[in-house]
Each structure stands twice: as C-alpha cells, then as structure tokens.
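Chemist: Below you'll find the structure I mean.
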Amino acid sequence: MTVTADARTDLDRTRFYIDGEWVEPRGTETHRAVEAATGELLGTASLGTDADIDAAVRAARHALDEGPWGRTTPAERAGYMRRFAAALSARAEGTSTLVSRENGMPITLSTAFNGAAPAGLLHMFADIAENLVFEEARPSPQGASIVRREPVGVVGAITPWNYPQVLAMFKIAPALAAGCTIVLKPSPETALDSYIFGDAATEAGLPPGVLNIVLAGREAGQSLVTHPLVDKIAFTGSTAAGRIIGAECGRLIRRCTLELGGKSAAIFCDDGDVDTLLRGLGTASFMNNAQTCTTQSRILVARSRYDEVVDAVAQYCRDQVVGNPLDTSTTIGPMASSTHLDRVLGYIDVGRSSSARLVTGGGRPAGQDRGWFVEPTVFADVDNNDRLAREEVFGPVMAMIPFDGDDDAVRIANDSNYGLGGSVWSVDEDRATDIARRVRTGTIGVNRYDIDLGAPFGGMKDSGIGRELGPEGINNYLEYKSMYVSAKHLS
Ligand code: NAD
C-alpha cells in the first residue's frame, strides 16, 4: 500500500517560531527542501541568521526568568506536556509522511518514530516530572539542608536529519519536564517537519517563549552554542561537529550533552541462529536505510560459521525492497540527500579499492535513477583496520569480519574509536549476555537490537558524552542547589 503524500502546496515554512508567534526572518537566505525519493522540490524554508537565533534565545530567557514557566509546578508542566502530546498525535500521520518524503525513511518506521514516539516521550517525561522530588529537606550537622532540583535554564537543542522528530523530542520532553525553556535548531536536510512542533505547541497553549524553533545552518547554529544567554547545549549529530561544539562548551563552561556517531559491531557466535539474526538485522543494521547512529555495520562472525552467515546476509540484502518510502512494503528507502548518497557511494569505492571482497550490491539499483537510492551492499573479509571498518558510512554498506573465539570477538568489537550500539547473537543467552557486558558501548542487544525509550541511551568514547532517555534523561536538564537552613524545615 502506498501512503498518499500530502498534495498541499503550503509546505513552505518561511517563518520562525519565536515567542509563540510565527515571525518573519531577519535574513533572506532560503533552503530548498528536496524529496529524497524523487529529487523534486518539496518545499522552501527560511534559514536563520545569528539575529534570528538571538531573538529566539531572548524569548526563551524571558519565558524562563520573567514569564509564568519559571514558576510552574511539575504537575502544571505535565499538564502542558500531555496537551502538547495530544496536539502532536492529531498531526502524526501528516508528520510521518512529511519526514519520509524529506529523508527517505520507510513509512512504517516513520509512523512509529516520527508519528507516535514524540507524543509517547512527552507522556513518559510528564510522568517522570510528577513523580520526581524537586525539593527535599535533609538533616545536616547544623540543622537541615534543602536540596533542590532546579532547571538548568535555557537549552539550545541541535538535531540531525535522520530521526528529526524523535531526536528533537529526546531533548524537548525532558527539558520541559525539568522546567527549562528551549531553542530548537533542526537540520536543513529536514527543513520542514520541525515546525509541526510549533503548530502543536500553540494548540496546546504552551506559554510563549517556552519552545522556539529556528531552522539554520552551521554558522547560525554555532551562534546558538556560544550565545551568552544559553545555559546548556543538547547536541545530536556527527562526531566531527560534536568535537567543535564540545570545545566551545568547554571554553564557556557550558553544560553540554553530545550524542554522536558510531561504528557498532554485531557479534555472531559459533552457536548463533541465522534466522534470529536475519529477523533482527532490520533494526540492528538496516533501520532507516542504515542511516542510524547505532547501525551495526561491522558484522563479526565466528570463523566456523563465516561463509554461511556471509551468504545469508548477502541474500537478506538482495531480498530487501528498495523503493518509494511511502510504500508500506518498502524496507530500504533512498538516502536523505544527493550529498549523502555521494558519501555512501564513496565508501563503496573505498571498499572496492581495499582487499575486501564485494559480495552483493555495490552501486545504485538498476532502473532507480531518480532520487538517492543505493543498493544494500556487503563486503566480506574486511580488515578491522580498513576505513570501511573504522569510519561511519551511515548507509546500507556492511563490513563482515571473521573472528576466532569470544575473546577475539570482544577485542575486535572494542577496537573502534566509537561505542554506541552493538549486539550479540547466540542460542546461549547467558554466554551472549556475558559477551555483551564486555563490549565498551552505551547500548547493546542480545539476539535483538531495538531501542528502549525507558532506558538511558548514549555513547562511550567518540560516540558522545551523557545519556538521554529513561528516568535518567531528565538529569541533563537539572542543576542541584543546596540551601543550608534550620532544623525547623525538617517537619
Ligand atoms: P551533522 O553533525 O552534520 O549535523 C547535525 C546538526 O548539527 C545539524 O542541525 C547541523 O546543522 C548542526 N551543526 C553542524 N555543525 C555545527 C556547529 N559547528 N555548530 C552548531 N551546529 C552545527 O550531522 P548529520 O549529518 O545531520 O547527522 C548524522 C550524524 O548524526 C551521524 O554521525 C550520526 O551517527 C549522528 N547521530 C547520532 C545519534 C546519537 O544519538 N548518538 C543519533 C542520530 C544521529
């Protein structure tokens, strides 16, 4: 079944959402949003300047310091968040379709991640806000201490294009729950969908300035990072950009969380079940056309099972339905942009010119000249020192590597600058769980890999600093304050 694309012509988003209003941009630069499956124009969006970012930050600062938001109770914030969730849910179908058109995400996945998950996260963090103790009095040697959890302040949220709605909500929901205000700077590659948050925030009656949205490129994004009225940066994107942003935040002693890239490993043990692996590969290695930070693009296989698993993964790739992301039978959509397609094809060339063996794929699919499609590709006998095994491709290009014994598998998995995702496949769940404990990574699955929004998510090593999601996810948006008072506060 093919989901009908929104035929409206008002997909243009030429205004920014600042202080609860749709305001004209200060600059004149625009971005042409192009449909990933066709390369045709989808809509136009204005690109923000430093002045637009400044206006948004000032609105967020004012809403926190002078507006009603800074005085809300957690229960009141939870109420706003649930109304915001309802307004997003009412728009979920249109949102999912729009994101699929923007970045090529298969519609079934988009329905879950862009349609349902943002509202679900708002509900989850609304519950967390209502159950968290924001202030408590404790006995102290001199009397008592009142320990307060206070909002960290104005949050600059910078997001990538691969899961634009849900990754923004990884930040917006805990920030709202904590009592922060927010300036969201989405990625130009997905220029149109984030303003749906503005439509929904208005409908939900969120006070002006609590959430502000300005689409901008890197330079104006940098001005958000360094703006003197911002207290914290929540960034998801590439490790290269994360280094720059982290360095600025270090210089400014600005709180920051960095959710960055990965080069994760799936470990298939000598007793692994191939059918279980093939059932799990969709989320472990190919989710969102493998444009996922946790993509397990290194598939490590016990040598005794190597040829069998290489053949099975190659056949899995040949069986994928590569096509229109709005068709519910599509499993692999196009890459998000022509630039990104070139990057992925460039890595296929890297693989071809290495000692690795191309098993399947290796180019653009026959007959799909429009849009940014690429064949699911498998290279076997990849050396873990090769670029194909060390660098993030961010597309459906798998590097298969044999290993000799569990210790060797752990060694190869850990021989990476990154540490974000991973999985272990064995019929002996205790053995697989033990191997999983030894891999230096922020998340890892046993005989499956699917993200649990209720558990902390983030990376080790070059994959980032800090954790989002789970009850722990609110901690990034809180500061502790200790007030030394008399014992009378204990009653
Ligand atoms: P990117 O780093 O190019 O851009 C991400 C965002 O940062 C965009 O909004 C961009 O405009 C902005 N940006 C870039 N440089 C900036 C700077 N110096 N100052 C301020 N803003 C800046 O990443 P991308 O190509 O959009 O996304 C893909 C990357 O994101 C991959 O590396 C992927 O692994 C990573 N990612 C990580 C996670 C995670 O949770 N760890 C999740 C999704 C994606």
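The values are calculated or read from the model by the stated rules, or taken from the named source; none is laboratory data. These numbers come from a predicted model, not from an experiment. Note: ideal-geometry Cβ built from the backbone for every residue, glycine included; neighbour counts use all protein chains shown.
Chemist: Quick one: in the stretch 344-370, which of the residues that are among the aliphatic types (A, V, I, L, M) and part of a helix (DSSP H, G or I) is farthest from the chain's Cα centre (by Cα)?
Modeler: Among those residues, the one meeting the criterion is Val350.
Chemist: If you don't mind, another one. Against the conditions (1) within 16 Å of the ligand (Cβ to nearest atom); (2) not in a loop (DSSP other than H, G, I, E, B), where does Phe394 fall short? Just the number, please.
Modeler: (2)
Chemist: I want to confirm something. Restricting to the stretch 206-233 and keeping residues that are small (Gly, Ala, Ser) and in contact with a Pro (Cβ under 9 Å, 6 or more places away or on another chain), which single residue is farthest from Gly67 (Cα to Cα)?
Modeler: Checked the stretch 206-233; the qualifying residue farthest from Gly67 (Cα to Cα) is Gly217.
Chemist: Take Asn447 and decide whether it is within 16 Å of the ligand (Cβ to nearest atom) and not assigned by TED's automatic domain parsing to the domain that holds Gly250.
Modeler: Taking the combined requirement at face value, the residue does not satisfy it.
Chemist: In the set Phe379, Phe373, which member is assigned to a strand (DSSP E or B), surrounded by 15 or more Cβ atoms within 10 Å (Cβ to Cβ), assigned by TED's automatic domain parsing to the domain that holds Pro402 and within 28 Å of the chain's Cα centre (by Cα)?
Modeler: Criteria check complete, one pass: Phe379.
Chemist: Restricting attention to the stretch 438-487, and to residues there that are in contact with a strand residue (DSSP E or B) (Cβ under 8 Å, 6 or more places away or on another chain) and basic (Lys, Arg), which single residue is nearest to Ser423 (Cα to Cα)?
Modeler: So, considering only residues that are in contact with a strand residue (DSSP E or B) (Cβ under 8 Å, 6 or more places away or on another chain) and basic (Lys, Arg), the one nearest to Ser423 (Cα to Cα) is Arg448.
Chemist: What do you reckon, is Arg243 touching a helix residue (DSSP H, G or I) at 6+ places or on another chain (Cβ under 9 Å), within 15 Å of the ligand (Cβ to nearest atom), free of Cβ contacts under 8 Å to residues at least 24 places away in the same chain and on the phi < 0 side of the Ramachandran plot?
Modeler: Taking the combined requirement at face value, the residue does not satisfy it.
Chemist: Same structure, new question: For the stretch 156-182, which residues satisfy the criterion of being part of a strand (DSSP E or B) and away from the ligand (no atom under 12 Å from the Cβ)?
Modeler: Scanning the stretch 156-182 gives Thr181, Ile182.
Chemist: So, one more: For Val427, which of the numbered conditions (1) assigned to a loop (DSSP other than H, G, I, E, B); (2) within 13 Å of the ligand (Cβ to nearest atom) fails to hold?
Modeler: (2)
Rundown of residues vs (1) closer than 30 Å to Gly70 by Cα; (2) charged (D, E, K, R); (3) in contact with a Pro (Cβ under 7 Å, 6 or more places away or on another chain); (4) in the same structural domain as Leu167 (by TED's automatic domain parsing), yes/no style:
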{"residue": "Ser416", "(1), (2), (3), (4)": "no, no, no, no"}
{"residue": "Leu420", "(1), (2), (3), (4)": "no, no, no, no"}
{"residue": "Ser423", "(1), (2), (3), (4)": "no, no, no, no"}
{"residue": "Ser426", "(1), (2), (3), (4)": "no, no, no, no"}
{"residue": "Ala432", "(1), (2), (3), (4)": "no, no, no, no"}
{"residue": "Glu472", "(1), (2), (3), (4)": "yes, yes, yes, yes"}
{"residue": "Asn475", "(1), (2), (3), (4)": "yes, no, no, yes"}
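Chemist: Asp369 - would you say it is farther than 20 Å from Trp161 by Cβ and modelled with pLDDT under 95?
Modeler: Considered against the rule, which asks whether it is farther than 20 Å from Trp161 by Cβ and modelled with pLDDT under 95, Asp369 comes out as yes.
Chemist: For the stretch 205-225, which residues satisfy the criterion of being more than 9 Å from the ligand (Cβ to nearest atom) and of a type in the set (Val, Ile, Thr)?
Modeler: Val210, Ile213, Val214
Chemist: A further question follows. Tell me, which residue of the stretch 242-260 that is over 16 Å from the mean Cα position of the chain (by Cα) and not in a helix (DSSP H, G or I) is nearest to Leu167 (Cα to Cα)?
Modeler: It comes out as Arg255.
Chemist: Sticking with this structure for a sec: Mind checking which residues of the stretch 259-282 are within 16 Å of the ligand (Cβ to nearest atom) and hydroxyl-bearing (Ser, Thr, Tyr)?
Modeler: Within the stretch 259-282, Ser264 is the sole residue that qualifies.
Chemist: Separate question: Kindly list the number of the only condition in (1) surrounded by fewer than 20 Cβ atoms within 10 Å (Cβ to Cβ); (2) within 18 Å of Ala56 (Cβ to Cβ); (3) among the aliphatic types (A, V, I, L, M) that fails for Ala175.
Modeler: (1)
Chemist: In addition: Looking at the stretch 300-319, can you tell me whether even one residue there is within 14 Å of the ligand (Cβ to nearest atom) and under 23 Å from Val374 (Cα atoms)?
Modeler: no
Chemist: In addition: Checking the conditions here, which among Ala191, Ala178, Ala204 is farther than 20 Å from Gly242 by Cβ and at pLDDT below 95?
Modeler: Exactly one of Ala191, Ala178, Ala204 is farther than 20 Å from Gly242 by Cβ and at pLDDT below 95, namely Ala191.
Chemist: Please give the number of the condition Asp327 fails out of (1) within 21 Å of Thr108 (Cβ to Cβ); (2) acidic (Asp, Glu); (3) free of Cβ contacts under 8 Å to residues at least 40 places away in the same chain.
Modeler: (3)
Chemist: Is one or more of the residues making up the stretch 25-46 within 30 Å of Glu135 (Cβ to Cβ), in the same structural domain as Glu150 (by TED's automatic domain parsing) and either surrounded by fewer than 18 Cβ atoms within 10 Å (Cβ to Cβ) or touching a residue at least 12 places away in the same chain (Cβ under 8 Å) (or both)?
Modeler: No; the residues of the stretch 25-46 include none that is within 30 Å of Glu135 (Cβ to Cβ), in the same structural domain as Glu150 (by TED's automatic domain parsing) and either surrounded by fewer than 18 Cβ atoms within 10 Å (Cβ to Cβ) or touching a residue at least 12 places away in the same chain (Cβ under 8 Å) (or both).
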